[in-house]
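Read the structure below first, then the notes.
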Amino acid sequence: MASSNFVDYVKIFARSGHGGAGSAHFRREKFVAFGGPDGGDGGKGGSIILKGDSQYWTLIHLKYQRHQFAEDGQCGSGARSSGKDAKDIIIPVPLGTVARRLVETEDGETELEYVGEVTENGEELVLLKGGRGGLGNWHFKTATNQAPRYAQPGEEGDEGAFILELKVLADVGLVGFPNAGKSTLLSVVSAAKPKIANYAFTTLEPNLGIVEVRDGHSFVMADIPGIIEGAHEGKGLGTRFLRHIERNSILLFMVPADSDDIKHDYQVLLGELTQYNPELLDKERLLAITKCDMLDEELIEQMKSELPEDIETVFISSVAGLNIQQLKDKIWAALQR
Ligand SMILES: Nc1nc2c(ncn2[C@@H]2O[C@H](COP(=O)(O)OP(=O)(O)OP(=O)(O)O)[C@@H](O)[C@H]2O)c(=O)[nH]1
Ligand SMILES: [Mg+2]
């Protein structure tokens, strides 16, 4: 695959800071025979936190910063002075970032444990909490122990490996074989400028565009690489890109008008989606027959009797601008349901 700037999957190693130790200090002053305990508390260790930032669209900034280590809290000292808290490490991530932690199971396998996801600007997700600082010795002074030599140690930090993955947040995802005209549609309904060409797998990474409907309404469309029969077994580019449409509300299937068997093509696409994740079939679907400028009216009429029954169908041509507004309206209406 061509090298790509669209980094939607990174593994990072992170460590939060230890808490600083509490101090076991005793006050010493001139003319004061027995100074009391005055050891201050330790500072908090730095946490590792993801923070949603709508200025970011990829995870590429983490590709070369896989190690994220926070500092330890400072130790407490005399005169009840607390050690400084270490700074948290705040990692900006695009909206739609999902974090999972690599954990080892009892039988030595590694598993991914869901930590959470960041979907809003400014939203924070703590990956690893910094250790609490220990309490200084003056906290432990009691009636029977006026001079505790004990102070609490700082709490340990934590470390681990995490997989961060970006799931594109779009309203409608385009599903079709290579060359179906997906990118061309995106290019005519939005300002996006995806690469378009008359060969399979022109699109190697998802493209997003904002589609204006009317009355100032808009929705986000995601153009993803084409799917072929057997994609779930790794054929073509496989199905890894399907994760980008897992959270789309609507799937727009696209089959070109020169297909030999529209019903069959639609079933194959549906089958690949089912193999990947059957829940994808719970989503609302629309079917666009693309490139209708290549056919005359008569053929289109004939085709109408050969369509799959369970899906609303629109005949479009991105090149000729045929029924594009109608398609946008149908998508918008479906999004309102
Ligand atoms: N005649 C005609 N050709 C079209 C139309 N839409 C797309 N095409 C052509 O079909 C070819 C494939 O278009 P793309 O938009 O790149 O197709 P795609 O589905 O994005 O393909 P992949 O990225 O490879 O999956 C290009 O040569 C387009 O010019 C249309 O409405 N009419
Ligand atoms: Mg394309």
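The values are calculated or read from the model by the stated rules, or taken from the named source; none is laboratory data. All figures in this text were calculated on a predicted structure; none of them were measured in a lab. Every residue, glycine as well, gets a Cβ built from its backbone with ideal geometry; the counts of neighbours run over all protein chains shown. Just the protein is used for accessible areas: all its heavy atoms, side chains included, with ligands, DNA and RNA removed. Shrake-Rupley method; radii C 1.70, N 1.55, O 1.52, S 1.80 Å.
The residue list E111, E120, E104, E124 contains one member that is among the acidic types (D, E), in contact with an Asp or Glu (Cβ under 9 Å, 6 or more places away or on another chain) and closer than 28 Å to H244 by Cβ, which is E111.
So which of A320, A288 ends up being aliphatic (A, V, I, L, M) and touching a residue at least 40 places away in the same chain (Cβ under 8 Å)? Answer to the check: A288.
The one condition from (1) modelled with pLDDT of 90 or more; (2) surrounded by fewer than 19 Cβ atoms within 10 Å (Cβ to Cβ) that I316 does not meet is (2). Contact map, the range 168-196: residues that are among the basic types (K, R) paired with residues that are more than 6 Å from ligand 1 (Cβ to nearest atom) and open to solvent by less than 40 Å² (accessible area, probe 1.4 Å), Cβ distance under 6 Å, separation 6+ or inter-chain. Pairs shown: K182/L174; K182/D223; K182/M254.
Just the residues that are part of a loop (DSSP other than H, G, I, E, B), over 27 Å from A222 (Cβ atoms) and open to solvent by less than 60 Å² (accessible area, probe 1.4 Å), please, taken from the range 51-100. Selection gives A70, G73, G76, G78, G83, A86.
Checking the structure you have, find out if any residue of the range 173-195 is open to solvent by 20 Å² or more (accessible area, probe 1.4 Å), of a type in the set (F, W, Y) and touching a Pro at 6+ places or on another chain (Cβ under 6 Å). No, the range 173-195 has no match at all.
Checked against (1) open to solvent by less than 40 Å² (accessible area, probe 1.4 Å); (2) of a type in the set (D, E); (3) away from ligand 1 (no atom under 14 Å from the Cβ), D223 passes all but a single condition, namely (3). Within the range 158-169, restricting attention to residues that are open to solvent by 20 Å² or more (accessible area, probe 1.4 Å) and part of a loop (DSSP other than H, G, I, E, B), the residue that is farthest from ligand 1 (Cβ to nearest atom) is D158. Report whether or not G154 is in a loop (DSSP other than H, G, I, E, B), at positive phi and open to solvent by 20 Å² or more (accessible area, probe 1.4 Å). So G154 does not fit the description; no. Taking the criterion of being without any contact (Cβ under 8 Å) to a residue 60 or more places away in the chain, among the aromatic types (F, W, Y) and assigned by TED's automatic domain parsing to the domain that holds S183, would at least one residue in the range 259-281 satisfy it? So far as the range 259-281 goes, yes, one or more of its residues are without any contact (Cβ under 8 Å) to a residue 60 or more places away in the chain, among the aromatic types (F, W, Y) and assigned by TED's automatic domain parsing to the domain that holds S183. Considering the range 170-219 alone, what residues qualify as being more than 9 Å from ligand 2 (Cβ to nearest atom), under 21 Å from the mean Cα position of the chain (by Cα) and not in a loop (DSSP other than H, G, I, E, B)? Of everything in the range 170-219, those that are more than 9 Å from ligand 2 (Cβ to nearest atom), under 21 Å from the mean Cα position of the chain (by Cα) and not in a loop (DSSP other than H, G, I, E, B) turn out to be V172, G173, V175, L208, G209, I210, F219.
Take I210 and tell me if it is open to solvent by 40 Å² or more (accessible area, probe 1.4 Å), more than 9 Å from ligand 1 (Cβ to nearest atom), within 28 Å of E301 (Cα to Cα) and not polar (S, T, N, Q). Judged against the criteria, I210 is not a match. Quick one: would you say V255 is open to solvent by 10 Å² or more (accessible area, probe 1.4 Å) and of a type in the set (A, V, I, L, M, F, W, C)? So V255 fails the test. For the range 220-244, residues that are in a loop (DSSP other than H, G, I, E, B) and of a type in the set (A, V, I, L, M) total 4. Taking the condition away from ligand 1 (no atom under 16 Å from the Cβ) and at negative phi, does E284 pass? Yes. Do we find a residue being within 16 Å of ligand 2 (Cβ to nearest atom) and either modelled with pLDDT of 95 or more or in a strand (DSSP E or B) (or both) anywhere in the range 258-276? Checked against the condition, which is being within 16 Å of ligand 2 (Cβ to nearest atom) and either modelled with pLDDT of 95 or more or in a strand (DSSP E or B) (or both), the range 258-276 yields at least one hit.
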